Amino acid sequence: MKDFIKYKIEKGDTLQTIAEKFDQTVNELLEFHNSHSVLTQQINSERIPVHIDTILIDSNHEKLKYIYAYRITSENEYFNFKNLVYSTVNEITIEIEKLADNKYFLSQKSKTVKCSSPHYDNYLVLLSLLDQPFEDVILTTDDSGRIKSIDNQNEIRERWNVVKKTLTDSTDDKEMVNKLIKDGEPVYINSLPHILANIQYNLLYPGNFNLNNVNKISEGFSTRLYSSLFSGSKVLLTFKNRVVEKTGSTVIAENKSFLEKENIKILGELYNVSFRELLGNNFNYNFNLTSTYNIKENIIVNCTADFTENINDTIVAKSRYQINKI
């Protein structure tokens, strides 16, 4: 008997769309499913019976592992006293390969970084080296679509050991290198908290939207994202989402973040250390991320996200992310 996997039928799935995901014809799909199912679970029509929630897929099918490719572009600006200090444009191309239910292989195929200020060029080179251990990552998600674990953590650690040596050999600024290594060590030894706090992973794995009701606001998830202004710190956000528009199998969905109050005390203490002497005793802070998705047949077609972090309306970081399926 051949090995098979159980494909969980999602809202909007048809026999045709499922067959296309696995590069098969509908007849091939049904022939395998019916030959490995009990009589009550067989499909003998053009529609999926309402009592059937899984379809058996041949795991030996050579094109079982279907792949999505995305281009992620982020435009970033940093302001000090309302003056633009520098801007960067990052472009990454990645492939997401579905290995099994809730398991994905992310592979970074290319990356370019441009900066408006030559003063930051060397630093950006070092940052690109720090990104190398995460160029290939295997992730497992829960049924809601949120990242649950990293399956190739040992490989990430091994690549980090190579990067540490490269960092040491790449510059004479030993103080900077030592700080990067010290800060990076926990990130690569246990990478899950880093992945969960990274904006790009959160945009690619936003959790399942409630696709049933247009304009109904639903409670989303809470997560800690990295701060751009308080280096190394994380900010707790709660997301709420709604479907803005729905046409057939295509929906436009929106996530909005809400800053949790518990951040203010923690970040206030960091403000006293880093900014109080420069900006004064009063501390006002806001962190906002809004993302809009175009989703077709439960697959992200594109996403636009705007991120703003603001201290006293004086120190500001802004980013715009564009994610496009290619």
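The values are calculated or read from the model by the stated rules, or taken from the named source; none is laboratory data. None of these values were measured; they are calculated from a predicted model. Methodologically, a virtual Cβ is constructed for each residue, glycine included, from the backbone with ideal geometry; neighbour enumeration extends over all protein chains shown. Surface accessibility is based on the protein's heavy atoms, side chains included, excluding ligands, DNA and RNA. Shrake-Rupley method; radii C 1.70, N 1.55, O 1.52, S 1.80 Å.
Find me the longest stretch of the chain that has none of the exposed trypsin sites (Lys or Arg not before Pro), where exposed means in a DSSP loop (not H, G, I, E or B) with at most 12 other Cβ atoms within 10 Å. Walk me through the intermediate numbers first.
Values: sites that count: LYS2, LYS11, ARG47, LYS63, LYS82, LYS216, LYS261.
The segment 83-215 is the longest one with no such site.
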- Could you state the angle between the C-alpha long axis of helix 262-274 and the longest principal axis of the C-alpha atoms of the chain, as a value from 0 to 90 degrees rounded to the nearest 10? 30 degrees
- Can you spot the aspartates and glutamates whose alpha carbon is less than 14 Å from LYS21's alpha carbon? Ignore those fewer than 8 places along the same chain. GLU10, ASP13, ASP58, GLU62, GLU97, ASP101, GLU297
- Compute the acute angle (0 to 90°) between the alpha-carbon long axis of helix 26-35 and the principal axis of greatest extent of the alpha-carbon atoms of the chain; round to the nearest 10°. 70 degrees
- Task: Count charges around ILE150 for me, please; just the other residues with Cβ under 15 Å from its Cβ, Lys/Arg as +1, Asp/Glu as -1.
- Result: -1
- Query: Cα-based count: Lys pairs in the stretch 145-242 below 16 Å, eight or more positions apart or different chains?
  - Reply: 8
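For the chain, what does -39500 (n - 2.57) per DSSP helix run (n ≥ 4), summed and divided by total residues, give at 222 nm, in deg cm²/dmol to the nearest 500?
Values: 9 runs with 91 residues, N = 326.
The per-residue figure over the chain is -8000 deg cm²/dmol.
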- Distance cut-off 25 Å, percentage of C-alpha pairs in the stretch 225-326 lying past it: 33 percent
- Task: At most 14 other Cβ atoms within 10 Å and a DSSP loop assignment: could you name the GluC sites (Glu not before Pro) in the stretch 217-267 that fit?
- Result: GLU260
- Extending each Cα 7 Å along its Cβ direction at PHE81 and TYR226, get the distance between those two points in nm, one decimal. 2.8 nm
- Query: How long is the chain along each principal axis, judged by its Cα atoms, biggest number first, in Å?
  - Reply: 75, 47, 31
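Keeping all protein chains in place and using 1.4 angstrom, which order do SER274, SER231 fall into by accessible surface area, from largest down?
Numbers: SER274 75, SER231 110 Å².
Result of the area sort, largest leading: SER231, SER274.
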- Between ASN215 and GLU97, what FRET efficiency follows from the Cβ-Cβ distance if R0 is 45 Å, with the result rounded to 0.05? 0.85
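Calculate the translational D of the stretch 108-203 in whole µm² s⁻¹ from Stokes-Einstein, where the hydrodynamic radius comes from the Kirkwood formula applied to all Cα pairs, the temperature is 20 °C and the viscosity 1.002 mPa s. Please list the in-between numbers first.
Details: Rh = 14.7 Å.
Stokes-Einstein gives a translational diffusion coefficient of 146 µm²/s.
If you add up the charges near THR292, with Lys and Arg at +1 and Asp and Glu at -1, over every other residue whose beta carbon is less than 12 angstrom from its beta carbon, what do you get?
Values: positive: ARG242, LYS256, ARG320; negative: GLU245, GLU254, ASP306.
Within the 12 Å Cβ shell, the charges total 0.
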- Item | Ranking by accessible area, most exposed first, for TYR188, TYR78 with a 1.4 Å probe | TYR78, TYR188
- Provide the net charge surrounding MET176, with neighbours chosen by a C-beta distance below 12 Å and charges set as Lys +1, Arg +1, Asp -1, Glu -1. -1
- Which lysines, on any chain, are close to LYS82 with Cα under 23 Å apart, when same-chain ones fewer than 8 places away are left out? LYS114, LYS318
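Which of the GluC sites (Glu not before Pro) found in the stretch 1-31 are in a DSSP loop and have at most 15 neighbouring Cβ atoms, other than their own, within 10 Å? List each step's numbers first, then the result.
Numbers: sites: GLU10, GLU20, GLU28, GLU31; in loops: GLU10.
In loop regions of the stretch 1-31 (DSSP not H, G, I, E or B), the sparsely surrounded GluC sites (Glu not before Pro) are GLU10.
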